[in-house]
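Here, each number is a calculation from the coordinates, and none is a lab measurement. Predicted model only: the values in this text are computed from it and were never measured. All Cβ positions, even for glycine, are placed from backbone atoms using ideal geometry, and neighbour counts span all protein chains on display.
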Amino acid sequence: MNRRLKMILILTLFASVSGGILSLVYLFSSPLIEANLLEERNKSIFEVVPAAKEYEEKILDDITYFECKDESGTIVGIALPTQGNGYQGIIKLMVGLTPDLDRIMGIKVLEQVETPGLGGRISEEGFQAQFRDIATKPAVEYVKNQEPEKDTEIKAITGATISSRSVVAIINKNIQRLGDVIQ
Amino acid sequence: MPNMDGTNKVGAFGEFIKGFWKENPILVMLLGMCPTLAVTTSAINGLTMGLAVLFVLTGSSLIVSVVRNIVPKQVRIPTFIVIIATFVTMVDLFLKAFLLDLSKALGPFIPLIVVNCIILGRAEAFASKNTVWRSLLDAIGVSLGFTVTLVFLGGIREILGMKTFFGKSVLGEGFDPWVIMLLPPGAFITLGFMLGAKNLIDRKMKEKKKE
């Protein structure tokens, strides 16, 4: 057989078999993976709204959010699942807000594919903790190479400005959207 | 040691056991250093990575050996990579579906197994040139040697850095953990000591043989 033809055929064969096998594996594993991600997301609601004891899913105008209540049924906060573009891909994060949407109680990055060691550090406790008890109006902002001064400021990760900036942008945009439909 | 006809003189057991000491992938071949240093922050992480590599190396060496005569030489490397990447993706999806916490702990280093030099190295240097049975033994031996070394390294770093071993508390109250052990410098230092120790033991054994 022509050598060139053989090379093409063999490579095509291996790639096709590989693709077929992986499609099957993906078929069986993706429901489980989805279930895991959903569980992570639900757990994060209690992390971003610490006072919450239970939550109720609400959908208004295409926006899903979770109304969080304590034992007595009083609304203690709102957990807003958000997503948007990061530096390398989609970033999904859960934002915990006060019922009047004026302050952030906490955030939790759920999914991201940013650069490990740089942008990936948005998943670290150190970065996320900055968002505890900051103001949302007029907008959350980030500062570089200095400590945050205003009530709305957080410090971007050194060397990961775009990822940090993306998180802030996603938060602002989604709080804005929620505010438009709730109020 | 090769015979005149190119086949290996080492018997089946030798093929298997060499991965543990004489041809230990980390301590002798110095391959796969990046994941070695990065994931051994605890014994369980080291064990998980080792078992993932066991699956990938065994699977790919097996397939590479089976098809070694039908793959044209010029496209062998891309073919090996496709085979290896298939196994790695299976491991990645498996961990994400069944062992999410370990998947998150090991992070990008699971997909990076594709470029772990040990895997491609054994495929090219051994599996593509030996029988299926020998390739299987080689792969399992080297993987287990890798795993044992990772657990050892991870164990030392976990015990000294967090005072736990596989999550269980050890060492008691009087010892202040050396947090540096959990960071890159600790990895390099511990690995350095392990390399030195192996070489020392080898030298002592050689001296004993001479007597």
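Averaging 1/r over each pair of different alpha-carbon atoms in chain B and inverting the result gives 18.2 Å, the Kirkwood hydrodynamic radius.
When a/c is below 1.5 the answer is rounded, else prolate if a/b is larger than b/c, else oblate, so apply that to the protein assembly as shown with a ≥ b ≥ c taken from the square roots of the Cα gyration tensor eigenvalues. Because a/c hits 1.5 or more and a/b exceeds b/c, the protein assembly as shown counts as prolate. Taking the C-alpha atoms only, the angle from helix B:43-66 to the longest principal axis of chain B is near 0 degrees. Largest mean-square fluctuation among A:PRO148, A:PRO50, A:PRO138, in a Gaussian network model of chain A whose springs join Cα atoms under 10 Å apart, belongs to A:PRO138. Each Lys or Arg adds one and each Asp or Glu subtracts one; over the other residues with Cβ under 15 Å from the Cβ of B:MET181, this totals 0.
Working from label points 7 Å from Cα in the Cα-to-Cβ sense, the A:ASP62 to B:GLU173 distance is 6.1 nm.
The phi-based Karplus calculation (6.51 cos²θ - 1.76 cosθ + 1.60; θ = phi - 60°) puts the 3J(HN,Hα) values of region B:24-39 at 4, x, 8, 7, 10, 7, 6, 10, x, 5, 4, x, 4, 6, 7, 9 Hz, whole numbers, x for Gly and Pro.
Of all the C-alpha pairs in region B:88-155, what % are more than 16 Å from each other?
Values: 1348 of 2278 pairs.
In whole percent, the share of Cα-Cα pairs in region B:88-155 beyond 16 Å is 59.
Taking a straight Cα-Cα cut-off under 19 Å and skipping sequence neighbours fewer than 8 places away in the same chain, the aspartates and glutamates within cross-link reach of A:LYS150 are A:ASP102, A:ASP133, A:GLU141.
Excluding B:GLY121 itself, calculate the net charge of residues whose Cβ lies under 15 Å from the Cβ of B:GLY121, where each Lys or Arg counts +1 and each Asp or Glu counts -1. For residues surrounding B:GLY121, the net value is +1. Summary of the geometry: region B:59-113 and region A:95-174, compared by the centres of their Cα atoms, lie 36 Å apart. At an R0 of 22 angstrom, the distance between the Cβ atoms of A:GLU125 and A:GLU34 translates into a FRET efficiency of 0.25. Volume per residue for region B:51-125 equals 76 cubic angstrom (convex hull of Cα atoms). Distance between the 7 Å Cα→Cβ label points at A:GLN146 and A:ASP100: 3.0 nm.
Approximating the spin labels as points 7 Å out from Cα along Cα→Cβ, the B:ILE201-to-A:ASP133 distance works out to 5.3 nm. Note that region A:82-159 shows a convex hull volume over its alpha carbon atoms of 89 Å³ per residue. Legend: residue pairs A:LYS43/A:LYS69; A:LYS108/B:LYS168; A:LYS155/B:LYS104; A:LYS43/A:LYS137, Cα-Cα distance threshold 18 Å; pairs beyond threshold, A:LYS108/B:LYS168; A:LYS155/B:LYS104; A:LYS43/A:LYS137. Could you tell me which of rounded, prolate or oblate describes region A:42-182, using a ≥ b ≥ c as the square roots of the eigenvalues of the alpha-carbon gyration tensor, with rounded for a/c under 1.5 and, failing that, prolate when a/b is larger than b/c and oblate otherwise? Prolate shape, in that a/c is at least 1.5 and a/b is the bigger ratio.
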